[in-house]
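Here you go, one structure.
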Amino acid sequence: MGIEIEDKFDISPEFTLPDLSGLGDVAGPKSHQLVALYFDTADLRLAARGITLRRRRGGDDAGWHLKLPKAKGVRQEIHHPLTRSAKIVPTELAELVRAYTRGAELKPVAELDTRRNVTVLLDGDTRLVEVADDRVKGTVYGAETTIVRWREVEAELLEGGTAKLLAKVGKRLRKAGAVPSQATSKLAKLLEPAPLPTAPTEPGTAGEVVVAYLASQVNALLSQDPRVRRAEDDAVHQMRVAARRLRSALKAFKKVVTDTDHVQDELRWLGTVLGEARDLEVIRARFARLLDGLAPELVTGPIRTRLGTDLHEREQEAYGRIGEALSGERYYLLLDALDQLVSAPSLGKAAARPAQDELRAIAVAGWERVTKRYDQAQAIDDPERRALAMHDVRKAAKRARYTAEALKPSIGGGMGRLAKLAEGVQEILGLHQDGVVAQETLLQEAERARQSGEDTFTYGLLIGIERGKAERADAEFPEVWAETVKAVGKLL
């Protein structure tokens, strides 16, 4: 896997590469003949999402390449060695795009034959930037075969370069007549997939704002799918957050986008599937930090194995269940439903109203729900039942936060501040809840250790530390709540 940072430019057939001296040592140009066969579904589902999947021969990086959509100027590129078959996509790569193909066959849709002249900027033996001057012959396969020819130049940041140097190279290329390309890839110059359908909402309406937000979170969820399948760092967490944000938005904006109960249920299911591995990952790291902070003589018995290796094995088993879920029909039906939600949602009367008025009222109602849950919790005498009710306060605060964050770009009006205030309530209640969950886990692991005849002293020590954290959060909450209520009152 690699991270690709590059700038693409369109150039004329007569273009001359400018002098790059002064930016580094110049090596080249060196010529390569590259032949790439591109794969997609018959209806170009990958191309529509800005994804390219190819098998390339020639050059220094022959093999299979999967390029995922660009995010904040960076594209993730995954490599796989050349396989014997030129027309069957390796299973490992096909699996990574299943959220987009959803069972549709991957087949050759185009071929690019490129004569590439490569110039590299160096600092001694360190490669900084690669400039590739490409003369391209593109062939599109379909009912009729068509051929297109063009020339372009790419400047790609290498391991020793900086974004500042890449910008300087781009400036020289533009002065020489290069024009920044509007195409995301060479393939985009050849193929014209049907645009993704969009909902029929009016500008400035609540419907426009809400559907745009839903679309952004659907894209966020989809973008994490390949990363989750590869068990990349933080991917499960990010996918779970996207699912939670979607579900929260559908609840908050139920008068704008209607009839979403089933989608909410399925998003809850997906969040539960992802949550098991994520929760184990978090608590395992939490215990590792606690144990590292103890003096060695206070760590007795094989506690690091139980709270480390054993929990990690359970985490890996949970990842296996995630893999099964992401390859199942239920997940693909959910993705279809999310596509439908963005392209053809069921819109209520509120969708046609001005965004500023309608959505601000929803944000206010979201915070009022937090205060209502708090008042209900405080009216409960039994400590255990009150603690459970305070967990509902935390969930309401999270929903209020997500609602305000969704509205911040479109209606402003203090939504960013409201989101921060709600997050503060969520976090301090979360500290208490996390401490309670950690104590429960430690008690369970201590009982297993006791049954095996192991020393359980350190478990008791950790339980005491976690109880102290939970009690401190509980003691600090009233002051945080009072300050938050006062600040929100001035804001709304």
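The values are calculated or read from the model by the stated rules, or taken from the named source; none is laboratory data. Being a predicted model, the structure only gives us computed values, none of them experimental. Cβ: placed from backbone, ideal geometry, glycine included. Neighbour counts: every protein chain shown. To get the accessible areas, we keep the full protein, side chains included, count just its heavy atoms, and leave off ligands, DNA and RNA. Shrake-Rupley method; radii C 1.70, N 1.55, O 1.52, S 1.80 Å.
Return the pair list, or none, for Cβ contacts closer than 8 Å from residues in the range 196-221 that are among the charged types (D, E, K, R) to residues that are open to solvent by 80 Å² or more (accessible area, probe 1.4 Å) and part of a loop (DSSP other than H, G, I, E, B), at least 6 apart or on different chains.
Pairs that qualify, where the first residue is among the charged types (D, E, K, R) and the partner is open to solvent by 80 Å² or more (accessible area, probe 1.4 Å) and part of a loop (DSSP other than H, G, I, E, B), are 208/202.
Just for the range 320-357: of the residues that are charged (D, E, K, R) and within 29 Å of the chain's Cα centre (by Cα), which one is nearest to residue 273 (Cα to Cα)?
For the range 320-357, the residue satisfying everything is 321.
Residue 172: in contact with a Leu (Cβ under 8 Å, 6 or more places away or on another chain), open to solvent by 70 Å² or more (accessible area, probe 1.4 Å) and under 30 Å from residue 316 (Cβ atoms), yes or no? Lay out the reasoning, then the answer.
Numbers: in contact with a Leu (Cβ under 8 Å, 6 or more places away or on another chain): yes; open to solvent by 70 Å² or more (accessible area, probe 1.4 Å): yes; under 30 Å from residue 316 (Cβ atoms): no.
Criteria not met by residue 172.
Any residue that is of a type in the set (Lys, Arg), in contact with a Lys or Arg (Cβ under 8 Å, 6 or more places away or on another chain) and either at pLDDT 95 or above or within 30 Å of residue 361 (Cα to Cα) (or both) - is there at least one of those in the range 262-278?
yes
Looking only at the range 177-186, count every residue that is open to solvent by 40 Å² or more (accessible area, probe 1.4 Å) and not in a strand (DSSP E or B) and tell me the total.
Count: 3.
Follow-up question, since we're still on this one. For residues in the range 180-224 being β-branched (Val, Ile, Thr) and touching a Ser or Thr at 6+ places or on another chain (Cβ under 9 Å), which is nearest to residue 7 (Cα to Cα)?
184
On to the next question. Filter the strands (runs of 3 or more DSSP E) completely within the range 57-146 down to those with at least 1 residues that are among the polar types (S, T, N, Q) and either surrounded by 14 or more Cβ atoms within 10 Å (Cβ to Cβ) or touching an Asp or Glu at 6+ places or on another chain (Cβ under 7 Å) (or both). Walk me through how you get there before you give the answer.
Numbers: elements: 63-67, 75-80, 107-123, 126-140.
Passing ranges, in order: 75-80, 107-123, 126-140.
Could you list, in sequence order, the residues of the range 397-417 that are of a type in the set (A, V, I, L, M) and over 24 Å from the mean Cα position of the chain (by Cα)? Break it down into steps so the answer makes sense when it comes.
The initial filter retains those residues of the range 397-417 that are of a type in the set (A, V, I, L, M), namely 397, 400, 404, 406-407, 411, 415.
Residue satisfying the conditions is 411 alone.
Turning to a different aspect of this structure: Considering each residue of the range 427-461, count those that are of a type in the set (S, T, N, Q) and either closer than 28 Å to residue 401 by Cα or touching an Asp or Glu at 6+ places or on another chain (Cβ under 8 Å) (or both), and give that number.
So the first thing to find is which residues in the range 427-461 are of a type in the set (S, T, N, Q), and the list is 433, 439, 441, 444, 451-452, 456, 458.
Among the residues that remain, those that are also either closer than 28 Å to residue 401 by Cα or touching an Asp or Glu at 6+ places or on another chain (Cβ under 8 Å) (or both) are: 433, 439.
The total comes to 2.
Please determine whether any residue of the range 362-370 is free of Cβ contacts under 8 Å to residues at least 60 places away in the same chain, over 17 Å from residue 488 (Cβ atoms) and touching a helix residue (DSSP H, G or I) at 6+ places or on another chain (Cβ under 9 Å).
No, that holds for no residue.
Quick one: what pairs do we get from the range 10-28, first residue charged (D, E, K, R), second outside any strand (DSSP E or B), C-beta under 6 Å, 6+ apart or different chains?
10/181
Results for (1) surrounded by fewer than 16 Cβ atoms within 10 Å (Cβ to Cβ); (2) charged (D, E, K, R); (3) touching a helix residue (DSSP H, G or I) at 6+ places or on another chain (Cβ under 7 Å); (4) under 18 Å from residue 224 (Cα atoms), shown as yes or no for each residue.
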site: 263; (1), (2), (3), (4): no, no, yes, no
site: 268; (1), (2), (3), (4): yes, yes, yes, yes
site: 305; (1), (2), (3), (4): yes, no, no, no
site: 329; (1), (2), (3), (4): yes, yes, no, no
site: 332; (1), (2), (3), (4): no, no, no, yes
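Among the listed residues 487, 438, identify the single one that is under 30 Å from residue 292 (Cβ atoms) and either in a helix (DSSP H, G or I) or open to solvent by 60 Å² or more (accessible area, probe 1.4 Å) (or both).
Checking each option against the conditions leaves just 438.
Select from the range 222-249 the residues that are in contact (Cβ under 8 Å) with a residue 40 or more places away in the chain and open to solvent by less than 50 Å² (accessible area, probe 1.4 Å) and list them in ascending order.
Passing the criteria: 222, 225, 226, 228, 236, 245, 246, 248, 249.
Report yes if residue 189 is without any contact (Cβ under 8 Å) to a residue 40 or more places away in the chain and either open to solvent by 30 Å² or more (accessible area, probe 1.4 Å) or in a helix (DSSP H, G or I) (or both), otherwise no.
no
Which one of 386, 369, 448 is farther than 30 Å from residue 301 by Cα, assigned to a helix (DSSP H, G or I) and modelled with pLDDT under 95? Give the derivation first.
Numbers: 369 fails: modelled with pLDDT under 95; 448 fails: farther than 30 Å from residue 301 by Cα.
The match here is 386.
Still on this structure: Identify, please: which residue in the range 374-416 is under 22 Å from residue 241 (Cβ atoms) and charged (D, E, K, R) and is, among those, surrounded by the fewest Cβ atoms within 10 Å (Cβ to Cβ)?
Taking the candidates together, the pick is 395.
Tally up the residues in the range 381-418 that are small (Gly, Ala, Ser), under 20 Å from residue 254 (Cα atoms) and out of contact with any Leu (no Cβ under 8 Å at 6 or more places or on another chain), please.
Qualifying residue count for the region: 2.
Does residue 292 satisfy the criteria of being charged (D, E, K, R) and under 25 Å from residue 442 (Cβ atoms)?
Spelling it out, residue 292 is indeed charged (D, E, K, R) and under 25 Å from residue 442 (Cβ atoms).
While we're looking at this one, here's another question. Are there any pairs with C-beta distances below 9 angstrom linking a residue in the range 317-341 that is more than 16 Å from residue 239 (Cα to Cα) to a residue that is open to solvent by less than 40 Å² (accessible area, probe 1.4 Å) and of a type in the set (D, E, K, R), with the two at least 6 apart or on different chains, and if so which?
What qualifies is 330/266; 333/266; 337/266.
May I pose another question? Exactly one of these conditions fails for residue 199: (1) assigned to a helix (DSSP H, G or I); (2) within 27 Å of the chain's Cα centre (by Cα). Give me its number.
Here residue 199 meets the rest and fails (1).
On the given criteria, is residue 153 in contact with a Phe, Trp or Tyr (Cβ under 9 Å, 6 or more places away or on another chain) and either of a type in the set (Lys, Arg) or open to solvent by less than 70 Å² (accessible area, probe 1.4 Å) (or both)?
Judged against the criteria, residue 153 is a match.
Shifting gears a bit: Collect the residues in the range 267-318 that are outside any helix (DSSP H, G or I) and of a type outside the set (Gly, Ala, Ser), keeping them in residue-number order.
Listed by number, the residues that qualify are 294, 299, 300, 302.
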